[in-house]
1. Could you work out the helix-only [θ] at 222 nm for the chain, with each DSSP H run of four or more residues adding -39,500 (n - 2.57) and the total divided by the number of residues, to the nearest 500 deg cm²/dmol?
2. Rounding to the nearest 10 and keeping the result within 0 to 90°, find how far the Cα-based axis of helix 8-21 lies from the longest principal axis of the chain.
3. Hey, quick one: spin label on Asn130, modelled 7 Å out along Cα-Cβ, who in segment 4-46 has an amide N within reach, i.e. under 14 Å?
4. Full-extension gain between Arg16 and Arg4, please, as 0.36 nm times their residue separation minus the C-alpha to C-alpha distance.
5. Scan the chain and hand back the longest stretch that contains none of the GluC sites (Glu not before Pro) lying in DSSP loops with at most 14 other Cβ atoms within 10 Å.
6. Rounded to the nearest 0.05, what FRET efficiency is calculated for Ser101 and Lys166 with R0 set to 22 Å and r the Cβ-Cβ distance?
7. Could you tell me how many degrees, from 0 to 90 and to the nearest 10, lie between the Cα long axis of helix 155-164 and the main elongation axis, the longest principal axis, of the Cα atoms of the chain?
8. How many nm is it between the label spots at Trp149 and Asp33, if each spot is 7 Å from the Cα in line with the beta carbon?
Amino acid sequence: MMARHLQGPQGESLRREITGQIKPYLAFRNELDAFQKARFKDFCTSACFNDKTSACCSREGIVTFFADALINAVISTPQQINAILDAIKSPRQDGRCVYLSNTGCLWQIPPVVCALFVCDRLERQILAPNQGVRKTWQAFQEKRKSFTWPDRPVLFDDLEKLFIEKGLDSPLMYLNKSPGLLKIKAKAGLL
Ligand code: SF4
């Protein structure tokens, strides 16, 4: 549905509007990626990926927000979107995430919950003994809230509302459907 809205001349202007809106979020994700590469990559490669014991991308439930999917759709090529749609149509059967391919995640910008996931082992061996790294990691967690947590106007809510106004409905619109998040918005005077 999102991809359809982003097609054609009208879709192009919508895409431009959203691209402008998400610039600070993309900068946040770039910064987060750079930090993870510098601080976690070697550990993750030797601790999990080499011996295939990684539990990343195999959790039972991954909370994907509407805005996660929309941001990814906006920056993806039609081929990249088709690869995601194909994966949904023929889901893998090994208990791992439907979006995990042989070359990694099919999303260009994976959901924010994935980006900020750390396993218990990394928590114990990298974050706990290194207060500086932990502090930076916590700062990233806080920064995430400035895009996703509706105790103030946030990008993830704005993007849901943009498409609600266009008549689109999705169960992933948690910022406008989840009773818990609606309560937070009400408390902040945002309803
Ligand atoms: S969406 Fe991507 S990063 Fe997130 S669990 Fe699935 S494959 Fe892994």
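1. Mean residue ellipticity at 222 nm (helix-derived): -16000 deg cm²/dmol.
2. Result, in degrees: 50.
3. Under 14 Å, as judged by backbone N against the label point of Asn130, lie 34-46 of segment 4-46.
4. Residue separation times 0.36 nm, minus the Cα-Cα distance, leaves 2.8 nm.
5. 61-164
6. Values: r = 31 Å, r/R0 = 1.39.
Calculated transfer efficiency: 0.10.
7. Relative to the chain, helix 155-164 is tipped by roughly 40 degrees.
8. 2.5
Where a number appears in this text, it was derived from the coordinates with a stated rule and is not lab data. Predicted, not measured: the structure shown is a model, and the values here were computed from it. Here the Cβ is made from the backbone with ideal geometry for all residues, glycine too, and neighbour counts use every protein chain on show.
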